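A short write-up of the structure that comes next.
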Amino acid sequence: MKLLEERIRRDGVIKKGNVLKVDSFINHQMDIPLFNEMGKEFKRLFADAKVDKILTIEASGIGIACVVAQYFDCPVVFAKKAQSINLDGEMYTTKIESFTHKRVYDVIVSKKFLHPGDHVLIIDDFLANGCAVNGLIELIENAGAIVEGVGIAVEKGFQIGGKLIRDRGIHLESLAIVESMDDETGTIVFREQ
């Protein structure tokens, strides 16, 4: 998606350790018109999929998932990274290691919101090593639901996550795939799609 690539080139900041900061328009401050274009594109890319629910993980994927859900006319469920007093009943749980935060989270989805036979589209902001997406796939499979696909705003193509998901035979669409980035020069190279 050229619009997203241009925005990353203009406003993205490359940090040491293969970190791409897009906090001015994706995951701290959110550019809703950009999200709207992303939602339209995900609807086009998954037009043949039956989607009953969108699943994401807190927190950065929630905004994008909500906009995408408007195009599929379905609810968004987000996996929580912490137990709270207002979570009750039975839960699906898995462990996910965060690339950005360098820690492992127990991720939780209430069984009230993920059912056998649900057709689920995973939406998230980033795909690096694939830990978050694989954890969400595990939650969906444990629920007896069907993974319809995975939609990612920004994939780091030089890391293993995209290959792992594609090798599982899962329909993965990334709107921008970063092939390489250099924190010293600020150069970002995108994969031709």
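Computed from the coordinates by the stated procedures, all read-outs in this text should not be read as laboratory data. Because the structure is a prediction, the values reported are computed rather than measured. With ideal geometry, Cβ positions are generated from the backbone for all residues, glycine too; neighbour counts draw on all protein chains shown.
Data overview
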read-out: For region 51-64, 3J(HN,Hα) per residue [Karplus equation, 6.51 cos²θ - 1.76 cosθ + 1.60, θ = phi - 60°, Hz, x = Gly/Pro]; value: 10, 9, 8, 10, 10, 9, 10, 5, 10, 5, x, 5, x, 5
read-out: Whichever lysines have a C-alpha closer than 17 Å to that of Lys40, once near sequence neighbours (fewer than 8 apart) are set aside; value: Lys2, Lys50, Lys53
read-out: Qualifying GluC sites (Glu not before Pro) in region 140-193, DSSP loop, other Cβ atoms within 10 Å at most 14; value: Glu184, Glu192
read-out: Helix 2-11 axis, angle to the chain major axis (alpha carbon atoms, nearest 10°); value: 70 degrees
read-out: 11 Å cut-off, amide nitrogen to a point 7 angstrom out along His171 Cα→Cβ, residues in region 44-69; value: 44-51
read-out: Percent RCO, i.e. relative contact order, over region 3-123, from Cα pairs under 8 Å lying at least 6 residues apart; value: 22 percent
read-out: Cα-based convex hull volume of the chain per residue, rounded to whole Å³; value: 112 Å³
read-out: Global size of region 85-184 as Cα Rg and Dmax, reported in angstrom; value: 14.5, 50
read-out: The chain: angle of helix 32-45 to the longest principal axis, Cα-based, in degrees nearest 10; value: 70 degrees
read-out: Vicinal HN-Hα couplings computed from phi for region 185-190 (Karplus, 6.51 cos²θ - 1.76 cosθ + 1.60; Hz; Gly/Pro x); value: 9, x, 7, 10, 10, 9
read-out: The chain: antiparallel DSSP beta bridges as a percent of all, rounded to 5; value: 45 percent
read-out: Given Lys21/Lys163; Lys95/Lys163; Lys95/Lys156; Lys15/Lys102; Lys43/Lys163; Lys21/Lys111, the pairs whose alpha carbons are separated by over 26 Å; value: Lys21/Lys111
read-out: Difference of contour (0.36 nm per residue) and Cα-Cα distance, Lys81 to Thr93; value: 3.3 nm
